[in-house]
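Structure record follows, encoded as structure tokens.
The values are calculated or read from the model by the stated rules, or taken from the named source; none is laboratory data. This structure is a prediction, so every number in the text was calculated from the model and none was measured. Cβ: placed from backbone, ideal geometry, glycine included. Neighbour counts: every protein chain shown.
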Amino acid sequence: MLRPKKKITKKEMKHDPLVSTYARATSFYYENKKYISYAVTALVVIVVAGFVYANNRRANSEKAASELGKVYQLFDAGQYRQAIEGVPERGILGLKGIVENYSGASAELARFYLANGYYYLGNYDEAVKQFEDFSFDDKILKASASAGAAACYEAREDHASAAKYYEKAVDTAPKSPAASEYLHHAAHNHAVAGEKEKAVDLFKRIKKDYPNSPQAREVDRYVAQFSL
């Protein structure tokens, strides 16, 4: 049964849940935490590990990969501060130490985790810096880093910048499984920033470029709302 549409307030736009392939977010914090964690999955770790060992062009690459393996257990357990700073008594260097002392693919992946760790701790300035400094050949990871920076700006209520970085994520990896969600989030940030025309354009782009995505089902409602 269809329910009558109601006007969406600015507050609701900021907290509107996004439908992902994994689960529905139930709060602003969980939404963003999930959002920037797309690349932090077992599949990506396996792919990156294969990349590192297949392209081991630097003498310290295996050592960096080993150090990252130790830190990941802390990160996965939500011990972000320890993951960042390390645990010397246990021989764990920490993400910051890996980034500062090593180079190559493993060090860059450590930077990605470092950025996420800072984000989870609410240190958005450092998180944005690390996300922006992240350099990697994999486009999905690069897009996820841009989305991570966007989430930081969104948390600081700089919605114009957030929208910009979400769009950058889509442009970097338009075929990413998260691309339609990046666009959806970009559109909402444009709307909250008062840029309704840009929001409408992005919602229409979702329906055009990603017609089978969960986000496409909501497009008509938002286009009608923001076109008024």
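So the values come out like this:
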{"quantity": "Candidates Ala199, Ala115, filtered to the one that is of a type in the set (A, V, I, L, M), assigned to a helix (DSSP H, G or I), assigned by TED's automatic domain parsing to the domain that holds Leu93 and surrounded by 24 or more Cβ atoms within 10 Å (Cβ to Cβ)", "calculated": "Ala115"}
{"quantity": "Count of the range 175-217 residues which are closer than 23 Å to Ala155 by Cβ and of a type in the set (D, E, K, R)", "calculated": "4"}
{"quantity": "Residue list for the range 124-147, filter: part of a loop (DSSP other than H, G, I, E, B), out of contact with any helix residue (DSSP H, G or I) (no Cβ under 7 Å at 6 or more places or on another chain) and crowded, with 17+ Cβ neighbours inside 10 Å", "calculated": "Asp138"}
{"quantity": "Residue match in the range 66-87 (condition: surrounded by fewer than 17 Cβ atoms within 10 Å (Cβ to Cβ), more than 23 Å from the chain's Cα centre (by Cα) and of a type outside the set (S, T, N, Q))", "calculated": "yes"}
{"quantity": "Lys164 being over 28 Å from Val71 (Cβ atoms), surrounded by fewer than 22 Cβ atoms within 10 Å (Cβ to Cβ), outside the structural domain of Glu62 (by TED's automatic domain parsing) and modelled with pLDDT under 95", "calculated": "no"}
{"quantity": "Count - residues of the range 83-114 that are under 25 Å from Ala147 (Cβ atoms) and among the polar types (S, T, N, Q)", "calculated": "2"}
{"quantity": "Qualifying residue in the range 209-220 (condition: surrounded by fewer than 18 Cβ atoms within 10 Å (Cβ to Cβ) and touching a strand residue (DSSP E or B) at 6+ places or on another chain (Cβ under 6 Å))", "calculated": "yes"}
